[in-house]
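Take a look at the structure below.
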Amino acid sequence: MNPVNYLYLAALLFTIGATGVLIRRNAIVVFMCIELMLNACNLAFVVFSRMHGNLDGQIIAFFTMVVAAAEVVVGLAIIVSLFRSRHSASVDDASLMKL
Amino acid sequence: MENLIALLIAAPLLGAAVLLVGGRRLDAVGHWIGTLLSTASFVIGAVLFVGLLGRSADDRTLIQHLYTWIPVESFQADVTFRLDQLSMTFVLLITGVGSLIHLYSVGYMEHDERRRRFFGYLNLFLAAMLLLVLADNYLLLYVGWEGVGLASYLLIGFWQHKPSAATAAKKAFLVNRVGDMGLSIAIMLMFTTFGSFAFGPVFGHVGGTSEGRLTAIGLMLLLAACGKSAQVPLQSWLGDAMEGPTPVSALIHAATMVTAGVYLIVRSSAIFNAAPDAQLVVTVVGGVTLLFGAIVGCAKDDIKKALAGSTMSQIGYMVLAAGLGPIGYVFAIMHLVTHGFFKAGLFLGAGSVMHGMNDEVDMRRYGGLRKYMPITFITFGLGYLAIIGFPGLSGFFSKDKIIEAAFAKGGTEGWILGGAALVGAALTAFYMTRVMLMTFFGEERWRTGSGAAADGHDGHGEPHPHESPGIMTIPMMVLAVGSVFAGFFFNLGDRFLHWLEPVTGHSEGHSPVSALTVTGATMVCLVVGVAVAWAQYGRKPVPAAAPRGSLLTRAARRDLLQDDFNHVVLVRGGEHLTRSLVYVDHTLVDGVVNGTAASFGGLSGRLRRLQNGFARSYAVSMFGGAALLVAATLLMRAV
């Protein structure tokens, strides 16, 4: 099967993730959409690795997964503590720093 | 012998320090300390004078280097004193007349509780003036110059509880400041032109300097002289300076202060000789002032203000003579010395009259005082004869020489200047005769009782004129002797001329009229002046209230509108200038600054709207930015 199709899939996933980040208010959903975008990138890397015949892209995909795991830990912790203090997980409510 | 020079200044300076720092425990003896130290300075001066006489005429310059004040390589300011014939003359005048005035003040200020302080200021005045005439460079001279300004301020405003005295002191200080600025600019010009401001190098380098530079320096020096010597246009302070105690007026007018300007011009003779344009301006200033002062003196009813006008006029003679160049320098100084005698005598006489008349100064409330104050009358009378130039008295010799020198200037200028000097002589005779007649002759107007004298002079009622104590009359007598004989003595075998010639130089002018004619014309002017005054004030009784008078009289009573002129031109002008500057400051300068700030404020207000606090809108801008970057990269690839 033509690897380019996987790139289309990656672009589709990335677009879905970006749209979700932009239009959803729930922090958890936004978070999941970010994960979706990251995984779309991973897919693109792997596809490019395959297309060029070297392993660089796959290695970067591993790095991305590690970073994403770390990000999930930190991000979920922030969201949980935010929810505890404000009883809401809406990203629009977190505007304390606004002038 | 050189080492004595510093002591001349040190003695009165010590007096000032002791009296001003010593405090009240010196109240009982303070006046004697002041008089003693001033006399000590005179004695040192006399010793030095005898020493100078013992030397040959070319070898009469003593230099004492005390220390280096500012030892920067290219800017050497030394505290060095120069005693030559010119400064010696001034030293003797300052300390001699000054000491007599000290002695007089012991009596005059007897009932003033701040007498010790008064003597401290007097000593400070003498010290500053001596520093001025003894300095060997212009910077040190400037120190003395400022010291004189300070001391005059303190003394004119001595009765500071009177608002008029405080104002007069401020006025004198401020007007002098204009002149001081001229001197400081002159010194700066000298430094840039000659690389030095010591007398020796400056006068030595005059030859190779452009005339324009020298004229600029000369004019700045003239401005300085105008301030200190009360010459037009900086003359307005002198009349108000009469608010000070009378001995101060005597000191300012005879021995110190107003003579400083003449000294400066004569001392800088080398510069003026090489700058004829500046010299011409000096003569014009002198000529205008001598008429100005005389006209003011004719109209004043206040005895001290009449004498102040007279001083202005006589200093005008000196400045005129100093502007004539080598034909006039010696006579300027000679008139200065003789004037020092008779003007000090006249002021002390006026003080003595006031002392006996409950401090009344209006001559319309005097009259017939010769019976009550015989010594004052005689000494004042001798001073009067000397100032109008009665033949044989000192004013005759010195003033006559100046008028001759003015004619000897030659050309149209000579005629104009000589004519002005002659008119001045007639006016001098008029106003001095007027003072004399109104004060000592005629009916006793102070006696008219109810209205005039009783309207409250400290509740004294009608005054009881009496002669002043001996301590006041003795200095007056000494000065009267000087007024009578000084001119004759100086002129005997041209003594004064030979004495001063090595310093100032001298040349005979070519007068279009003979000396005898000039003397004759002067005598005619004198007689006319006296006769007119007699017709007006001697023959007819003097009205107790001043008549309205002609336009000129009224203007002269207001000092020929000098204050009005200053007010309209300088004060109003200054106010307008500041007001418009404030306006420009508010609109233009503040406008630019505030406008910049406001536009930045507005811009940031707009920019702030981007920070709306919604995480998703930030995300949009991030995505937008990323998309732009990608698009740009692709575009670059394609090109």
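Brief remarks follow.
- Of all residues in segment B:64-114, those satisfying the criterion of being open to solvent by 20 Å² or more (accessible area, probe 1.4 Å) and among the charged types (D, E, K, R) are B:Glu73, B:Asp78, B:Arg82, B:Glu110, B:Asp112, B:Glu113, B:Arg114.
- Count of residues meeting criterion [among the polar types (S, T, N, Q) and touching a helix residue (DSSP H, G or I) at 6+ places or on another chain (Cβ under 7 Å)] in segment A:12-47: 2
- Residues that are in contact (Cβ under 8 Å) with a residue 24 or more places away in the chain and either aromatic (Phe, Trp, Tyr) or closer than 30 Å to B:His102 by Cα (or both) are absent from segment B:207-215.
- The listed residues are A:Met37, A:Met65, A:Met51, and the only one of them that is within 13 Å of chain B (Cβ to nearest Cβ) and either loosely packed, with under 11 Cβ neighbours inside 10 Å or modelled with pLDDT of 90 or more (or both) turns out to be A:Met37.
- In segment B:616-626, of all residues being of a type in the set (Gly, Ala, Ser) and open to solvent by less than 60 Å² (accessible area, probe 1.4 Å), the one that is farthest from the other protein chains (Cβ to nearest Cβ) corresponds to B:Gly625.
- Only one entry of A:Leu22, A:Leu9, A:Leu76, A:Leu82 meets the criterion of being in a helix (DSSP H, G or I), open to solvent by 40 Å² or more (accessible area, probe 1.4 Å) and farther than 21 Å from B:Phe614 by Cα, and that entry is A:Leu9.
- Some residue of segment B:524-531 being open to solvent by less than 60 Å² (accessible area, probe 1.4 Å) and within 14 Å of another protein chain (Cβ to nearest Cβ): no
- When B:Ser184, B:Ser269 are checked against the criterion of being at pLDDT 90 or above, under 18 Å from B:Gly325 (Cβ atoms) and of a type in the set (S, T, N, Q), B:Ser269 stands alone in meeting it.
- Segment B:504-516 residues that are of a type in the set (D, E, K, R), paired with ones that are surrounded by 11 or more Cβ atoms within 10 Å (Cβ to Cβ) (beta carbon under 8 Å, 6 or more apart): B:Glu508/B:Ile327; B:Glu508/B:Ala408
- Taken residue by residue, segment B:227-235 has at least one member that is farther than 25 Å from B:Leu130 by Cα and under 14 Å from the mean Cα position of the chain (by Cα).
- Residue match in segment B:16-28 (condition: under 30 Å from B:Met188 (Cβ atoms) and crowded, with 19+ Cβ neighbours inside 10 Å): yes
- Inspection of segment B:198-214 finds no residue satisfying the criterion of being under 24 Å from the mean Cα position of the chain (by Cα) and either open to solvent by 60 Å² or more (accessible area, probe 1.4 Å) or farther than 25 Å from B:Asn273 by Cα (or both).
- Selection from segment B:389-416 of residues that are hydrophobic (A, V, I, L, M, F, W, C) and either open to solvent by 10 Å² or more (accessible area, probe 1.4 Å) or outside any helix (DSSP H, G or I) (or both): B:Phe390, B:Leu393, B:Phe396, B:Phe397, B:Phe407, B:Ala408, B:Trp415, B:Ile416
- Taking (1) within 14 Å of chain B (Cβ to nearest Cβ); (2) surrounded by fewer than 18 Cβ atoms within 10 Å (Cβ to Cβ); (3) at pLDDT below 90 in turn, A:Val29 satisfies each apart from (3).
Residues are listed down the side, and each one gets a yes or a no for (1) free of Cβ contacts under 8 Å to residues at least 60 places away in the same chain; (2) more than 14 Å from chain A (Cβ to nearest Cβ):
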{"site": "B:Leu560", "(1), (2)": "no, yes"}
{"site": "B:Val571", "(1), (2)": "yes, yes"}
{"site": "B:Thr587", "(1), (2)": "yes, yes"}
{"site": "B:Arg609", "(1), (2)": "yes, no"}
{"site": "B:Phe614", "(1), (2)": "yes, no"}
{"site": "B:Leu628", "(1), (2)": "yes, yes"}
{"site": "B:Thr633", "(1), (2)": "yes, yes"}
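- Within segment B:131-179, considering residues that are within 24 Å of B:Pro233 (Cβ to Cβ) and of a type in the set (Val, Ile, Thr), the one most open to solvent (accessible area, probe 1.4 Å): B:Thr167
- With respect to (1) without any contact (Cβ under 8 Å) to a residue 12 or more places away in the chain; (2) in contact with a Lys or Arg (Cβ under 8 Å, 6 or more places away or on another chain), the lone exception for B:Ala166 is condition (2).
- Which numbered condition A:Val91 misses (of (1) closer than 20 Å to B:Ser617 by Cα; (2) modelled with pLDDT of 90 or more; (3) within 14 Å of chain B (Cβ to nearest Cβ)): (2)
- Total residues in segment B:495-541, condition in a helix (DSSP H, G or I) and farther than 30 Å from B:Phe199 by Cβ: 24
- The set of residues from segment B:144-201 being of a type in the set (S, T, N, Q) and assigned to a helix (DSSP H, G or I) comprises B:Ser152, B:Ser164, B:Thr167, B:Asn176, B:Ser184, B:Thr192, B:Thr193.
- Of the helices (runs of 4 or more DSSP H) lying entirely inside segment B:542-593, those carrying at least 2 residues that are open to solvent by 70 Å² or more (accessible area, probe 1.4 Å) are B:551-557, B:573-584.
The values are calculated or read from the model by the stated rules, or taken from the named source; none is laboratory data. Note that the structure is a prediction, hence the values are computed from the model and not measured. Reconstructed Cβ throughout: ideal geometry from the backbone, glycine too, with neighbour counts over all protein chains shown. Ligands, DNA and RNA are stripped out before the accessible areas are found, and what is left, the full protein with its side chains, is counted by its heavy atoms. Shrake-Rupley method; radii C 1.70, N 1.55, O 1.52, S 1.80 Å.
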